[in-house]
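Accompanying notes for the structure given below.
The values are calculated or read from the model by the stated rules, or taken from the named source; none is laboratory data. As the structure is a computational prediction, the values presented were derived from the model and not from experiment. Heads up, the Cβs are rebuilt from the backbone with ideal geometry, glycines too, and the neighbour counts pull from every protein chain shown.
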Amino acid sequence: MNTQNKKAIIMVDLQNDFCKGGSLEVQEGDAVIPLANELQKYFDLIIVTKDWHPQNHMSFASNHPGKKVGDVMIVHGISQVLWPDHCVQHSKGAELHPNLDLESIDHIVHKGTQKTIDSYSAFFDNEHLRSTELANYLQKHNVSDVYIMGLATDYCVKYSCLDAVQLGFNTYMIEDACRGVELQTGDIEKAINQIKQAGVHVIQIKDIVKSR
Ligand code: VGL
Ligand code: ZN
């Protein structure tokens, strides 16, 4: 009998700072919160990620004198977009959106916790030096299928999808349950194409919730 058949949903960065009034507000970010609540009951395991930065984090423009938000810097040979201060550990902005249902959450992943490196993916930092142990957690719980939704399409959702599929999970990105930053016009579309190219199934909520 194959026991590797559990389905998990990873709800990415549903935090105040990415929603209305937050410091790194994603357009229509709030719209995905009720969708996250609606989707939960279709999964065996519910994971949430939290972007969880120290105040001196390298991704904050404020920590690089002379740089501004949106600038791109090369750090250890990889390009890093500089962001407004966001999701500072224990701040209001780092809290999960107040309307998100928390009762069924099985596991929380904190990422971006080291000041010297960013971590868009729920699985690894941006250099793949350290893992968050999420892959181990999923394997331990016999998860074969990983569904990913949340914020933001063109950053944390994208990199989580790419790592999940590379790790060998059957990976599904729920497109209409994600919203993107779109620093440059077309970034969301590019992200979706890259995700598809990598072998991730890009699906819609109606593919899961048949009554829709
Ligand atoms: C994210 C930019 C910086 C995200 C996190 O959740 O997509 N984007 N930190
Ligand atoms: Zn961040």
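For Gln166, state whether it is more than 16 Å from ligand 2 (Cβ to nearest atom) and either touching a helix residue (DSSP H, G or I) at 6+ places or on another chain (Cβ under 6 Å) or of a type outside the set (Phe, Trp, Tyr) (or both).
Considered against the rule, which asks whether it is more than 16 Å from ligand 2 (Cβ to nearest atom) and either touching a helix residue (DSSP H, G or I) at 6+ places or on another chain (Cβ under 6 Å) or of a type outside the set (Phe, Trp, Tyr) (or both), Gln166 comes out as yes.
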(message) Could you list, ordered by first residue, the pairs with Cβ atoms under 6 Å in which the first is in segment 99-110 and closer than 18 Å to Trp52 by Cα and the second is assigned to a loop (DSSP other than H, G, I, E, B) and not aliphatic (A, V, I, L, M), at least 6 apart or interchain?
(response) Val109/Thr132; His110/Trp52
(message) Just to be sure before I move on: is Val26 farther than 19 Å from Asp85 by Cβ, among the β-branched types (Val, Ile, Thr) and surrounded by 22 or more Cβ atoms within 10 Å (Cβ to Cβ) in the structure I sent?
(response) no
(request) Among the candidates Leu45, Leu24, single out the residue that is closer than 29 Å to Thr116 by Cα, of a type in the set (A, V, I, L, M), touching a residue at least 24 places away in the same chain (Cβ under 8 Å) and touching a helix residue (DSSP H, G or I) at 6+ places or on another chain (Cβ under 9 Å). (result) Leu24
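Condition check ((1) touching a residue at least 40 places away in the same chain (Cβ under 8 Å); (2) among the polar types (S, T, N, Q)) across all residues:
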{"residue": "Leu82", "(1), (2)": "no, no"}
{"residue": "Gln89", "(1), (2)": "no, yes"}
{"residue": "His97", "(1), (2)": "yes, no"}
{"residue": "Gly112", "(1), (2)": "yes, no"}
{"residue": "Phe124", "(1), (2)": "no, no"}
(message) Go through (1) within 13 Å of ligand 1 (Cβ to nearest atom); (2) surrounded by fewer than 16 Cβ atoms within 10 Å (Cβ to Cβ); (3) among the hydrophobic types (A, V, I, L, M, F, W, C) for Ile108 and report which single condition fails.
(response) (1)
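Residues of segment 170-189 being over 14 Å from Leu35 (Cβ atoms) and touching a residue at least 40 places away in the same chain (Cβ under 8 Å), which ones?
So in segment 170-189, the residues over 14 Å from Leu35 (Cβ atoms) come out as 170-172, 180-189.
Correct list: Gly180, Val181, Glu182, Leu183.
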(request) Considering only segment 9-57, state which residues are within 26 Å of Val69 (Cα to Cα) and of a type in the set (Phe, Trp, Tyr). (result) Phe18, Trp52
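Return yes when Leu35 is more than 23 Å from Leu162 (Cα to Cα), surrounded by 16 or more Cβ atoms within 10 Å (Cβ to Cβ), at pLDDT 95 or above and away from ligand 2 (no atom under 16 Å from the Cβ) and no when it is not. Working first, answer last.
Working: more than 23 Å from Leu162 (Cα to Cα): no; surrounded by 16 or more Cβ atoms within 10 Å (Cβ to Cβ): yes; at pLDDT 95 or above: yes; away from ligand 2 (no atom under 16 Å from the Cβ): yes.
No; evaluated as a whole, the condition is false for this residue.
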(request) From Leu134, Leu102, grab the single residue that is hydrophobic (A, V, I, L, M, F, W, C) and in contact with a Phe, Trp or Tyr (Cβ under 7 Å, 6 or more places away or on another chain). (result) Leu134
(message) Quick check on my filter: what residues within segment 45-78 are surrounded by 19 or more Cβ atoms within 10 Å (Cβ to Cβ) and either farther than 19 Å from Val157 by Cα or more than 22 Å from the chain's Cα centre (by Cα) (or both)?
(response) His57, Met58, Phe60
(request) Would you be able to say whether some residue in segment 61-82 is within 11 Å of ligand 1 (Cβ to nearest atom), of a type outside the set (S, T, N, Q) and under 12 Å from Asp17 (Cβ atoms)? (result) no
